[in-house]
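The values are calculated or read from the model by the stated rules, or taken from the named source; none is laboratory data. Just so it is clear, the structure is predicted and the values come from calculations on it, not from any experiment. Positions of Cβ are generated from backbone atoms using ideal geometry, with glycine treated the same way; all protein chains shown enter the neighbour counts. In case anyone asks, the SASA skips ligands and DNA or RNA and just uses the protein heavy atoms, side chains included. Shrake-Rupley method; radii C 1.70, N 1.55, O 1.52, S 1.80 Å.
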Amino acid sequence: MKVKVFAQSVLIGAGLLMVGLTPAQSQTREESQGMVLLRGLPTLDTKHSIAIVELDPESDQFGELLSEVEQPDIQHPLHHLYYSPNGRLYSTGLDPSCSLAEIGLSRDSSGTPVIEGFTCLDTQGQIVGEDIMWATSNGQEYMFVTFMGGTGGDDGGSVGVFDTQTNEVVKIIEARKSQVGEGEPYIMYPHGISAFDDRMVVTSTIHPDMATGVGNVLTIIDLNTLEPIQNIVVENEKPLDFPSSPVEVLFARPDMHADIEPAILANTMFGFETWKIPYDTGSKTFGEAEVIYSGVANETAVPLEFYGTEDELFISHGLPGVVKRYELAALPELVSSGPDIVADPGAHHMIFFTSASGRNLIAVQNNLLNLGNAADDDPTDVDFIADLSAHTITIHDLETGERIAEVNFKERYNKGVDNVEGLFGSGFVHHH
């Protein structure tokens, strides 16, 4: 099975099908091992950590943490994992003291993968890192990182541009709504990020304190000038009486599949919708934004991630906890390609791999922010968000959606699970 990396437009092998392995042999398979970011839960006296977990239900090590490094001195955990095109592992972070980090991943003397630790990077004051992607500007490749808090303030938010070799900040792309002219494009609480040709798009999601402000626009950035050039409003229904809060975004494009018509797809976290904005490559202009999926009409809420294989696009919906699937070739239209994958509340990130016997599987991480539960007297509780915290990774048959197994991190390790990624990027089908 091959998978397409939407961010980098390249194909990577997810590993050979391995049939007839003994349990002992299956323990050494790296394809089914996931990198996870675990959140310590205050009432359970546990620390944030980075770990490698076995996710093949056919392995007798299923659910075990094979390597783990704690983050004892960081109040808020690391948040999203990303492999660079040359294999370096990065994570954004929610803590202002470590909003971007590089993670050391290597092998011990026996060849077993181990986590060596992590290094917090200098972001020049940018805080609350969210998403990362690698893209080219004027012939030079850079690492682009969204920071929901930017350099601070009520309308903060920035996109950091980093040197891919040194990790140094090259430029901070910032345009505060309070400082730009009336009607001029701004960047505010950016989270999702995607790009095609010389156009990048970031979402305006929510202030990091989840109280000061909520966004409702996409911001288009010119990759030639590294400046914002347009805002596009994506707001229709307000089922929660909040602005729509666009969260993740995918610039659908022909290098993902030859039949795709270029367009931006965006999920609105509080609007419960998926939007489409057509893109004309000749004039470099965007068409009218329109809703192509309504969570209110379909009884789903909090759409989050875009992931894909060679043939399908998968969209996770935090409530009731389901992953919907669509024909990749039909994009930007959403044409169903199979049964829903019924996971747990907070259905969020996912990876794809094969079991030891060759069964195609999908693992779904079920949590939005792993915030606490009022019943546990957890001080991190936020009522609506707490409903999106199942603390599990569920394993499903990719073809049928059947649930095969689950790992409950709260029950087993007294921790929540913030993110899952394939070990060494083997399951990397991320959307950005």
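Magnitude of the charge dipole for the range 105-232, about its Cα centre and with charges confined to Cβ atoms of Lys, Arg (+1) and Asp, Glu (-1), is about 140 debye. A dipole drawn for the chain from +1 and -1 charges on Cβ atoms has a positive end, and of Gly157, Ile264, Val407 the residue lying farthest that way is Ile264. Our summary gives the range 75-134 a relative contact order of 33 percent, counting only alpha carbon pairs under 8 angstrom and 6 or more residues apart. Using only side-chain charges placed at the Cβ, +1 for Lys and Arg and -1 for Asp and Glu, the dipole size of the chain relative to its Cα centre rounds to 560 debye. Summarise the accessible area of the range 31-423 (1.4 Å probe, protein heavy atoms) by the percent that is carbon and sulfur. Result for the range 31-423: 44 percent of the exposed heavy-atom area is carbon or sulfur. Rolling a 1.4 Å probe across all protein chains gives Trp134 an accessible area of roughly 20 Å².
Relative contact order for the range 31-423: 12 percent, from Cα pairs under 8 Å spaced at least 6 residues apart, divided by residue count. Taking a Cβ cut-off of under 10 Å around Gly213, the surrounding Lys, Arg, Asp and Glu residues balance to a net charge of -2, with basic ones at +1 and acidic ones at -1. Residues with beta-carbon under 10 Å from that of Thr92, excluding Thr92: net charge, scoring Lys, Arg +1 and Asp, Glu -1? Result for the local shell: -2. Simple rule: put +1 on each Lys or Arg Cβ and -1 on each Asp or Glu Cβ in the chain, find the dipole, and look at Gly129, Ala101, Ala390; the Cα lying farthest toward the positive end is Ala101.
Computed from label points 7 Å out along Cα-Cβ, the spacing between Val114 and Glu227 is 5.1 nm.
I need the shape label for the chain. Rule: rounded when a/c is under 1.5, else prolate if a/b > b/c, else oblate, with a, b, c from the alpha carbon gyration tensor. Because its axes are fairly even, with a/c under 1.5, the chain counts as rounded.
Among Leu81, Leu334, the sequence by solvent-accessible area, most first, with a 1.4 Å probe is Leu334, Leu81.
For the set Cys120, Cys98, the ranking by accessible area, highest first and with no ligand, DNA or RNA atoms included, is Cys120, Cys98 under a 1.4 Å probe. Once each part is reduced to its C-alpha centroid, what is the distance from the range 40-67 to the range 305-322 in angstrom? When both Cα centres are located, 23 Å separates them. Looking at the range 71-154, the accessible area is 38 square angstrom per residue; that uses a 1.4 Å probe and ignores ligands, DNA and RNA. The label point for Glu261 and the one for Phe242, both projected 7 Å from the Cα toward the Cβ, are 3.3 nm apart. Take every Cα pair under 8 Å whose residues are at least 6 apart in sequence, average their separation, divide by the length of the range 181-297, and the relative contact order is 19 percent. Between Asp198 and Ser178, the C-beta separation translates, for a Förster distance of 35 Å, into a calculated FRET efficiency of about 0.80. Counting only heavy atoms of the protein chains and using a 1.4 Å probe, Glu116 has close to 130 Å² of accessible surface. In this structure, the pairs whose alpha-carbon distance is over 26 Å, taken from Lys171/Lys415; Lys238/Lys410; Lys238/Lys276; Lys47/Lys177, are Lys171/Lys415; Lys238/Lys410; Lys47/Lys177. Within the shell of other residues whose beta carbon sits under 10 angstrom from the beta carbon of Ser32, the net charge comes to -4, with Lys and Arg scored +1 and Asp and Glu -1.
Asp280 sits with roughly 80 Å² accessible to a 1.4 Å probe, with DNA, RNA and ligands left out of the calculation.
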